[in-house]
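**Q** Take a look at this one; I'll ask things after.
Values quoted throughout were computed directly from the atomic coordinates according to the rules given, and no laboratory measurement underlies them. For clarity, every value in this text was computed on a predicted model and none was experimentally measured. Neighbour counts run over all protein chains shown; Cβ positions are idealised from the backbone, glycine included.
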2 protein chains.
Amino acid sequence: MRRSAFASLAVFLSLSSGVALAQTPLDMAQEQANSQPGPRIVPGRSIPVPTSTVSPELAKQIAAAYRPVAWNANPPDAAAWTALVNRLAAAGAAVQPAWREKLSVTISQATMGGVPVFILEPKDMPAANRNRVLLNIHGGGYVYSPGEAGTGEAAAMAGYGHFKVISVDYRMPPAAPYPAAMDDAMAVYKAVLASSDPSHVAVFGTSTGGGMTLALMLRAKDEGVALPAVIAPGTPWSDMTETGDSYKTNEWLDNILVSYGSGYLVHAALLYANGHDLKDPQLSPIYGDFHGLPPAILTTGTRDLFLSNTVRTHRKLRQAGVEAQLQVFEGMSHANYTIDPFTSEGREAFEEIARFFDTHLAK
Amino acid sequence: MRRSAFASLAVFLSLSSGVALAQTPLDMAQEQANSQPGPRIVPGRSIPVPTSTVSPELAKQIAAAYRPVAWNANPPDAAAWTALVNRLAAAGAAVQPAWREKLSVTISQATMGGVPVFILEPKDMPAANRNRVLLNIHGGGYVYSPGEAGTGEAAAMAGYGHFKVISVDYRMPPAAPYPAAMDDAMAVYKAVLASSDPSHVAVFGTSTGGGMTLALMLRAKDEGVALPAVIAPGTPWSDMTETGDSYKTNEWLDNILVSYGSGYLVHAALLYANGHDLKDPQLSPIYGDFHGLPPAILTTGTRDLFLSNTVRTHRKLRQAGVEAQLQVFEGMSHANYTIDPFTSEGREAFEEIARFFDTHLAK
């Protein structure tokens with residue numbers, strides 16, 4: 001009643017005063033639609049590409065169309081999934097030599113703990129980093145970026161941070177659903193610890209790789225395996241259910257993931273889980289116990305569908321007493337910084353993570 | 001061309017495969033509308049209130065209607081502004097005694113540097129905080145919350161952090177536009193320094209108070225006045241022009257500020273600036289030089305219209321080599337944590353800031 005009285009007053013002022021309130025039909029429709037408690041009603045809009053607040057290179061990423069096929073892929077069977085994944089992986093791998101050239105990074109292949117890995121190394125390695133090693137778990141929704149296609153983030157960190165990075169080429173569905181990916185990550189992590197003190201080890205990854213980084217910490221705690229000195233879960237898929245405000249608020253705005261239910265995510269989640277509960281902390285680590293986790297730095301963007309996954313993880317780490325830093329980039333959609341690490345914001349994100357690693361890794 | 005080919009392929013797969021892609025008309029419309037680089041087209045939506053990821057008290061704030069009158073106030077003249085501000089201030093002041101009671105905080109009035117202030121003190125003051133003093137600059141878009149109505153954030157910090165807090169009752173338009181508010185804040189800050197070592201002093205504020213906290217640092221640097229040990233600009237109005245992605249992405253979603261151009265902000269900005277350039281760093285501190293600023297902790301929420309103001313400030317502080325922490329709360333609109341500091345998230349925000357102050361203030 002009180003609210004209606006105020007609203008009437010506003011209209012009355014508008015009509016009776018010499019100066020118009022300039023309320024548009026949209027303003028009035030919005031006020032009416034949001035005049036009672038409940039879900040928030042937002043109008044359809046054309047949202048401009050920010051220009052003065054982001055670099056020209058990032059502005060180009062923000063302006064980009066939804067990624068054809070990839071954003072809402074839903075192949076009808078295992079063979080179609082494999083064909084799509086392989087086609088995209090071939091395109092992803094093709095750009096990697098040029099990336100490594102720009103970053104002054106070399107690549108080699110090895111097997112650790114029975115799992116294939118790529119080793120990315122900077123051509124100039126500072127003395128302080130000679131005993132340090134970073135384990136990277138690549139992203140791609142548990143389905144995309146097998147093989148060399150998954151090495152871009154490791155190359156960026158090796159190049160910008162001047163660290164040796166081991167990138168796990170973990171198994172994925174449809175051939176190998178959960179827990180194969182986590183088994184592989186764990187096997188490589190244990191192999192790293194066989195030759196490095198945990199105080200010299202960092203683990204990082206973006207998106208699925210961020211979720212797996214967190215799940216790896218929970219599993220290591222459970223199995224009594226030493227934790228690394230520091231982690232960087234970037235925009236982690238910490239909740240594989242569509243739980244978290246930005247799954248809705250940033251839906252259609254994020255041009256990388258676009259949507260959970262209308263996008264490929266829901267299909268990838270179910271393919272990976274293979275019947276397991278999506279709320280199992282090994283799949284959705286936000287439901288795990290974060291006490292005792294190592295210092296963490298988290299990265300996301302204002303348009304990221306996983307903004308909530310990231311900030312919920314950050315708050316939960318802080319609530320558990322873990323030192324945790326958060327960086328949020330203006331205008332970025334999901335994982336823009338690693339999809340193209342050559343924007344000035346991409347470089348800044350990696351350099352900030354590298355500084356955090358340098359602070360927390362023993363020499 | 002390549003994009004169109006992919007899009008056609010998706011439709012072809014959908015039609016030719018046994019399993020439907022389940023693309024809805026909305027999906028197809030969205031894909032079509034975002035199939036070329038340009039502004040992002042988002043559909044009108046009803047966005048649910050998050051439940052499992054926020055406290056029941058914060059869920060109630062998120063569900064709340066737009067604030068009648070306050071959200072889009074545009075009084076036709078000075079007398080109407082004053083009448084509106086006074087009416088809202090009376091309502092705001094009325095709840096303060098109950099807040100202080102809950103927080104175990106006392107209030108007194110004084111004059112410092114010729115400016116009226118309120119002094120908020122916790123009933124139990126730990127020994128470590130006896131020499132420490134916090135300066136609070138209240139929010140309210142440079143127009144709202146004169147007098148006791150502006151003391152809520154100071155009371156919350158005094159209660160949760162167990163600090164002595166001095167809250168500046170600075171002059172505001174229409175009676176006193178820029179630079180009166182900054183002159184008053186500066187006068188009180190200098191008066192604080194007359195009796196306290198800067199190492200014992202923190203400055204904080206939310207929204208307009210966050211912008212003024214940053215502007216005060218720039219002015220102190222310019223005038224050769226010592227900077228405090230630590231600051232907390234909460235969701236700062238660091239850019240008074242409508243510049244920053246979340247002014248658009250979170251428009252209509254944030255139920256506190258709602259909109260810049262359709263809301264009261266544009267009117268308040270022009271009333272305060274009184275013809276001054278809105279991009280002057282004393283009005284929009286994001287355009288200033290952040291080198292040498294004290295350690296800072298920033299607070300915002302995923303639905304905050306000032307999400308970009310906050311993260312742009314955070315990045316710029318980090319680029320200037322300043323130690324700066326960011327906390328982003330799930331689902332929060334603008335300044336929810338100080339509008340109601342009694343949600344568990346509100347308490348958490350203040351306690352996190354208090355911890356940061358404790359780390360950086362001398363004893």
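**Q** Excluding residues fewer than 8 places away in the same chain, name every one of the lysines whose C-alpha is closer than 29 Å to that of residue A:123.
**A** Reachable lysines: A:102, A:164, A:190, A:363.
**Q** Among residues other than residue B:346 whose Cβ falls under 9 Å from its Cβ, what is the net charge (Lys/Arg +1, Asp/Glu -1)? Spell out each step's value before the answer.
**A** Numbers: positive: B:347; negative: B:57, B:340, B:345, B:348.
Its environment carries a net charge of -3.
**Q** Turning to a different aspect of this structure: Run lengths n ≥ 4 of DSSP H only: what is the helix-derived mean residue ellipticity at 222 nm for chain B, with -39500 (n - 2.57) per run over all residues, to the nearest 500?
**A** Working: 13 runs with 146 residues, N = 363.
Estimated from H runs of four or more residues: -12500 deg cm²/dmol.
**Q** If you don't mind, there's one more thing I want to ask. Taking the Cα centre of region B:66-360 as origin and charging only Cβ (+1 Lys, Arg; -1 Asp, Glu), how large is the dipole, in debye to the nearest 20? Can you show the working numbers first?
**A** Numbers: 21 positive and 29 negative charges, 48 e Å.
The calculated dipole for region B:66-360 is roughly 220 debye.
**Q** Could you calculate the FRET efficiency of residue A:131 with residue B:90 from 1/(1 + (r/R0)^6), where r is the beta carbon distance between them and R0 is 60 Å, rounded to 0.05? Don't skip to the end; give the middle numbers.
**A** On the way: r = 65 Å, r/R0 = 1.09.
Step by step, r from the Cβ atoms, then E = 0.35.
**Q** A further question on this structure: Out of all DSSP beta bridges with both ends in chain A, state the antiparallel percent to the nearest 5. Can you show the working numbers first?
**A** Values: 12 of 35 bridges.
Antiparallel bridges: around 35 percent, rounded to the nearest 5.
**Q** Alpha carbon centre of region A:186-208 versus region A:210-253: separation in Å?
**A** Rounded to whole Å, the Cα centres lie 16 Å apart.
**Q** Suppose R0 equals 51 Å; then what is the FRET efficiency for residue B:363 and residue B:29 from their Cβ-Cβ distance, rounded to the nearest 0.05?
**A** Details: r = 61 Å, r/R0 = 1.20.
Calculated value: 0.25.
**Q** With each label point set 7 Å from Cα along the Cα-Cβ vector, what nm distance links residue A:226 and residue A:347?
**A** Spacing of the two 7 Å Cα→Cβ label points: 3.6 nm.
**Q** Something else about it: What is the spin-label model distance, in nm, from residue A:80 to residue A:277 if the labels are put 7 Å beyond Cα along the C-beta direction?
**A** Those two pseudo-labels are separated by 3.2 nm.
**Q** Can I ask one more? Would you mind giving the mean number of other chain beta-carbons within 10 Å of the Cβ of each residue in A:299-306, as a whole number?
**A** On the way: counts 0, 3, 2, 14, 4, 1, 0, 0.
Across the residues of A:299-306, the mean count of other-chain Cβ atoms within 10 Å is 3.
**Q** Give the separation of the Cα centroids, region A:93-114 to region B:84-127, in Å.
**A** First find each Cα centre; the distance between them is then 61 Å.
**Q** With a point put 7 Å past each Cα toward its Cβ, work out how far residue A:291 is from residue B:102 in nm, to one decimal.
**A** Each label point is offset 7 Å from its Cα along the Cβ direction, giving 2.9 nm.
**Q** Oh, and also: Averaged over its residues, how many other protein chain Cβ atoms are within 10 Å of peptide A:26-36's Cβ atoms?
**A** Working: counts 3, 8, 2, 0, 8, 7, 1, 5, 8, 3, 3.
If you average over the peptide's residues, the count of other-chain Cβ atoms is 4.
**Q** Answer with one residue from A:250, A:353, A:309: the one whose Cα lies farthest towards the positive end of the charge dipole of region A:56-360, charges on Cβ with Lys, Arg +1 and Asp, Glu -1.
**A** It is A:353.
**Q** Still on this model: Out of the DSSP beta bridges found with both residues in the protein assembly as shown, what percent are antiparallel (nearest 5)? Working shown, then result.
**A** On the way: 30 of 76 bridges.
Here the share of antiparallel DSSP bridges comes out near 40 percent.
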